[in-house]
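*Asks:* Okay, here's the structure, questions in a sec.
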Amino acid sequence: MKSNNCTYYHKLKIAALWLMLCLFVNSVILAQDCARTLDKAENSYENGQLREVPQILAGCLKNGFNKPQKEQSYKLLVLTYLFLDDIDKAETYLLELLKSNPQFKVSEIDPPEFVYLYNGFRTRSYFSIGITGGVNNTLVNTLSINGAGNVPLSYQRNATKTGYQIGLGINFRVWQNLELSAEVNMINRRFKQTDSLKTTFYVDAEQPLGYNFSIIDAAESQIWMDFPITLKYGITKEKIQPFVYAGASFSYLLGSNLNITRWNIDPADIETPQRSVDGPPIKLLKSKIRDKYHYSALAGAGFKYNIGVDYLVFNVRYYLGLTNLRNDKAPLDADDELLFRYGYIDDNFRINSVALSIGYIKPFYKPKKLKKKH
């Protein structure tokens with residue numbers, strides 16, 4: 001019984017292989033026949049036997065031509081019907097050509113009648129969607145320094161740290177090379193502030209002595225939902241397509257964690273931190289120190305690289321922060337742990353950032369005949 005089953009499956013495999021081989025051979029023969037058919041149709045067109053062209057192409061156009069051959073056949077039919085003065089059929093096959101290849105472009109050697117007909121159709125994508133991701137650096141712009149010590153004698157140093165962003169966008173063509181773009185991005189922004197907590201002692205009424213009591217390192221990590229609206233202008237229509245854009249962004253803060261360490265300094269050795277005070281991250285939204293809403297102006301530039309009918313996109317943008325990140329309504333002592341454990345009071349500041357992204361854009365086409373303006 002087992003031997004019969006093995007024989008049955010063996011015969012079935014052989015039959016399947018023969019079937020695949022036959023299909024492959026038939027497809028090769030059909031491709032060769034259709035290639036000869038296309039050559040024959042082109043010869044008839046060149047010899048002025050225009051009415052034969054549609055009949056020659058009919059069979060392979062329905063089933064047999066590969067994609068490049070089909071596009072070539074559609075173009076040949078457009079030219080044929082143009083010279084037969086059948087504009088309706090010429091428009092029908094030009095529409096099929098544009099559906100088959102939305103990025104088809106006329107060449108310098110195409111007849112003027114063909115170019116004129118082509119220019120009467122919408123050939124650009126009317127909208128596109130994209131996904132992007134990348135990295136950013138955040139720059140702190142301090143508006144005023146707050147502190148628990150002698151603020152005028154304190155110093156502050158800001159440092160950038162690398163964050164990331166991912167997002168989705170949609171682009172609508174509004175005129176020629178001008179697009180209106182709307183995005184939704186999730187952005188992680190990170191930065192670090194180093195402050196000194198200075199105290200002042202008096203040897204006597206006329207001789208104040210100031211020295212560092214501690215140094216505070218505060219590293220913040222934020223998660224934002226970002227909603228930019230921009231106008232984008234494309235410069236060329238080649239394989240590499242540069243663009244510039246500008247707009248505005250509204251951002252909503254989802255979370256902000258502060259990792260803070262205070263390095264205490266021995267007055268006898270004011271140059272060397274002696275011991276540290278630290279703890280778990282502090283959630284600034286919980287203490288309402290951070291304003292949840294942030295507004296920015298932005299500008300950027302980049303280029304799209306054509307891959308088939310889609311694009312890879314590379315772009316760099318700059319966000320200019322317009323609002324104070326510290327909640328103006330929060331008192332300076334809004335968080336007891338920050339004040340009494342670390343001697344830290346949050347500054348008033350804005351953030352600017354530079355973002356570098358790479359992405360993928362999928363354009364959508366709907367070719368159609370444009371209405372003539374009277």
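Values quoted throughout were computed directly from the atomic coordinates according to the rules given, and no laboratory measurement underlies them. What you see is a predicted model, and the numbers here were worked out from it, not measured in a lab. No Cβ is skipped: glycine too gets one built from the backbone with ideal geometry, and neighbour counts run over all protein chains shown.
*Asks:* Between residue 107 and residue 354, what FRET efficiency comes out of the Förster formula 1/(1 + (r/R0)^6) with R0 = 45 Å and r the beta carbon distance, rounded to 0.05?
*Replies:* The pair residue 354/residue 107 has a calculated efficiency of 0.65.
*Asks:* Continuing with the same structure: Got a sec to turn the phi values of region 278-287 into Karplus ³J(HN,Hα) couplings, 6.51 cos²θ - 1.76 cosθ + 1.60 with θ = phi - 60°, whole Hz, x for Gly and Pro?
*Replies:* Each residue of region 278-287 in turn: 8, x, x, x, 9, 8, 6, 5, 5, 8 Hz.
*Asks:* Set the Förster distance to 30 Å, then compute FRET efficiency between residue 58 and residue 370 from the Cβ-Cβ distance, nearest 0.05.
*Replies:* My answer for the efficiency is 0.55.
*Asks:* With θ taken as phi - 60° and the coefficients 6.51, -1.76 and 1.60, list the Karplus ³J(HN,Hα) couplings across region 34-46 in order, rounded to whole Hz; mark glycine and proline as x.
*Replies:* 5, 5, 5, 4, 5, 4, 5, 5, 5, 5, 5, 5, 5
*Asks:* Between residue 194 and residue 225, what length comes free when the chain is fully extended (0.36 nm per residue of separation minus the Cα-Cα distance, one decimal in nm)?
*Replies:* Length difference between fully extended and current span is 8.5 nm.
*Asks:* How much length is gained on full extension from residue 252 to residue 160, taking 0.36 nm per residue of separation minus their Cα-Cα distance?
*Replies:* 31.0 nm
*Asks:* Can you compute the label reach from residue 276? Point 7 Å from Cα along the Cβ direction, backbone N cut-off under 17 Å, restricted to region 238-261.
*Replies:* 258-261
*Asks:* Still on this structure: Please give the length that would be gained between residue 119 and residue 239 if that part of the chain were fully extended, namely 0.36 nm times their separation in residues minus their C-alpha to C-alpha distance (nm, one decimal).
*Replies:* Value of the extension gain: 41.2 nm.
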